[in-house]
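Beneath this line is the structure, given in C-alpha cells, with notes to follow.
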Amino acid sequence: MAVHEPGAPDCRTVPDLVDRAAQEAPEAPALLTADVALSYGDLARITRDLAAELKARGLEPGDRLLIVAENDLASPVLMLAAERVGAWPAILNARVPAVEIAKLHNLIDPRLTVVTSDAGSEKSRAAMEGHDFAPLMIEGAGTVGCAVHAPGPADTTDPPAGDVALVLFSSGTTGIPKAVLHGHTGLLKLGETLRQVRQVCAGGRYDGGAPLSHVMGISTLMSVLAARASLRLLPRLDIPDLAAQLAAGQLTHLSYVPTVYTRLLDHIDHHGIDVSGHRLEYISSGGAPLDPTLKARVEALFGTVLVNGYGMTECCPIARTPPEPGAAPGYIGKAEPGSEMTVRRRDGTEAERGETGEIWARAAATMLGYFRNPDATKAAMRPGGWVATGDLGSMDRRGGVTIAGRAKEMIIRSGFNVFPAEVEDVINSHPAVVQSAVFGKPAPNGDEYVVAVVQLRPGETLTWGTLVQWLKERLAAYKVPHLIHFSPDLPIGPTGKILKRELARQFG
C-alpha cells in the first residue's frame, strides 16, 4: 500500500519520503545537531552513498544492521541507508550494559554492527569479543566503528526482506526481550497520522531528545519526515539547553515522557527563565501516565494543551487524551484517526460498555510480528490484525477508554517497561543476597519508582550505594531500583511465593 499526498509521487518506503523532499525542497533543513545541519538534499545523497558502502561491506536485503548509539546524527542516517539496501536496522541505546548488548545482538543475529558513540564502544567490544570494528566514515557524523558478522541462514518465519523497515526491542508483558518488526507501510502511515494529529508542518522544528531506540523517538522522526520538518538531535537530554532553545523560540514541537516535563519546569522555575517568547505549537507526552497537576503546570506556562498519547512498541499510536479538562484518571480517550480499540473478555468476546477486560488495538503502525519468535507473535496477535496490549480497561458509550491497570506487575519508569522478575534475578545473583522482591511505587509526577526489598544472607552486610553501583553494571539505568530496603526476612504465602502486596503496603 502506498502513502501519498495530492501532487506528490507515491512513497512505498521510508527513504522515499527523503527523496521526495530532496526533489521538491532540497535546501529545507532535515536533521540538526549543535554542529551540523543536513538538508533533505544532503540526507538523500549521504544515505544513498552510505547504502552503497554498507552493501560493499556485505549487507544484503533481509540482513539485520545493529546500531549501538546515543541519540546522534548517525542513527537516522544509518537507519535510512540500511532501508535503502532492504536490510533491517535496529537501534540500541548505547548506555545499556555490555551483557544486554550481547543478549540483543544474539537475538537479532546481525550481519553488521555499527557503534556510533564512545558510550557504547567499549561495551560493544566487550559484548562482541573477537570481532574487529573497522572505521566507517559517515558524512556529517564522523567516523564510527563497524563490525562484520556471519549470521545464520534465513528462517522460514522471516517475512519478505523488503517488507521490514525497522526492528525495535521490547520486553512486552513477559520481561523476555523480543525484536519487534515494523514494515515500511506501517511506518509511513504512522508518520502521516502523527503529521496530521500533531499539526507538524514544513519548516517546523522538533526537539529530538526522545531516544530513537524507543518508539517515541521513531514516531517523532516519522512525523518530521512526513511533514518535511526538521529534527534537532541530542546525544543526551540536556534540560538547560532545552530551556534555552525554548526561550529563544527555536522549537515548535515537543514530545517527551512526563518526567522530562517535570525536570524542565523545575529548571525554568528555579532559574527564573523567561520562555514567553517560545513558539511551541504542539506539546505531547507518552510512555507513562500523565499527572493532572503536571499537565496543568505545563499548560499554564506555555499556553498550549499538553496531550498524553497511548501506544506500545508493537502498535502505535493507539489513543490520546482529549484536550478538554476534567478527564478521569486513567482515561486515554478515543482511538487516534486510523486506529481502533476494543475491550475483550478472556474468551475473546467483546465486553459490554463499562465492563473491564483486556484492551486490544489496531493502529497505523502495527507490528508484522516478533523476529523468529512465532509463539510470542501468536500470543500477542489476535484474529483481524488486533494486538493484545496486556492492559486492562473499559470503554464508555462514546468509545472512550479508561485503563484500570497493567497486566501482571510491569512497572513504567521514564517511559520504559521494567519487569520485576528481571531485576530480581540480577539482585539475587549478588553473593550477599538470599532473595528480593521488586515492585512499583507511584511517583508524584505520574512516573513510577522501582522499589526493591532485599534479604541478605546471615552475617552479610551491604549498603544501598554498594548495591546500586553493582546493579548499574548489570542493568540499564532505568531498571536500577530507586528505593532499596533491607529486611531480615520476606513474607511468604502458603504457596511459597513472596507476598509482594504486604511489602508494598509496608514499603510502598
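Does Leu306 satisfy the criteria of being touching an Asp or Glu at 6+ places or on another chain (Cβ under 7 Å), under 26 Å from His182 (Cα atoms) and touching a residue at least 40 places away in the same chain (Cβ under 8 Å)?
Numbers: touching an Asp or Glu at 6+ places or on another chain (Cβ under 7 Å): yes; under 26 Å from His182 (Cα atoms): no; touching a residue at least 40 places away in the same chain (Cβ under 8 Å): yes.
When the stated conditions are applied, Leu306 does not pass them.
Specify the residue that is surrounded by the fewest Cβ atoms within 10 Å (Cβ to Cβ); the eligible residues are those in the stretch 122-156 that are closer than 30 Å to Ala34 by Cβ and of a type in the set (Val, Ile, Thr). Selected residue: Thr143.
Can we say Gly183 is surrounded by 14 or more Cβ atoms within 10 Å (Cβ to Cβ) and modelled with pLDDT under 95?
No: the conditions fail for Gly183.
Only one of the numbered conditions (1) in a strand (DSSP E or B); (2) touching a Cys at 6+ places or on another chain (Cβ under 6 Å) is violated by Leu17, and that is (1). Among the residues of the stretch 262-283, those identified as touching a helix residue (DSSP H, G or I) at 6+ places or on another chain (Cβ under 8 Å), over 23 Å from Thr321 (Cβ atoms) and assigned to a loop (DSSP other than H, G, I, E, B) are Ile273, Asp274, Val275, Gly277.
Evaluate the following for Glu60: is it acidic (Asp, Glu) and either closer than 29 Å to Gly186 by Cβ or in a strand (DSSP E or B) (or both)? Spell out how you get there, then give the answer.
Numbers: acidic (Asp, Glu): yes; either closer than 29 Å to Gly186 by Cβ or in a strand (DSSP E or B) (or both): yes.
So Glu60 fits the description; yes.
Residue check: Pro110 meets all listed conditions (1) assigned to a loop (DSSP other than H, G, I, E, B); (2) surrounded by 23 or more Cβ atoms within 10 Å (Cβ to Cβ); (3) touching a Gly at 6+ places or on another chain (Cβ under 7 Å) but one, namely (3). Residues in the stretch 428-448 that are at pLDDT 90 or above and among the hydrophobic types (A, V, I, L, M, F, W, C) were compared, and the one that is surrounded by the fewest Cβ atoms within 10 Å (Cβ to Cβ) is Ala432.
Tallying residues that are within 25 Å of Ala37 (Cα to Cα), part of a loop (DSSP other than H, G, I, E, B) and touching a Leu at 6+ places or on another chain (Cβ under 7 Å) within the stretch 67-107 yields 3.
Results for (1) out of contact with any Gly (no Cβ under 9 Å at 6 or more places or on another chain); (2) within 26 Å of Gly186 (Cβ to Cβ); (3) at pLDDT below 95; (4) of a type in the set (S, T, N, Q), shown as yes or no for each residue.
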{"site": "Leu17", "(1), (2), (3), (4)": "no, yes, no, no"}
{"site": "Glu27", "(1), (2), (3), (4)": "no, no, no, no"}
{"site": "Leu32", "(1), (2), (3), (4)": "no, no, no, no"}
{"site": "Ala82", "(1), (2), (3), (4)": "yes, yes, no, no"}
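The values are calculated or read from the model by the stated rules, or taken from the named source; none is laboratory data. Note that the coordinates shown come from a computational prediction; the quantities given were computed from them, not determined experimentally. Neighbour counts are summed over all protein chains in view; Cβ atoms, including those assigned to glycine, are modelled from backbone coordinates with ideal geometry.
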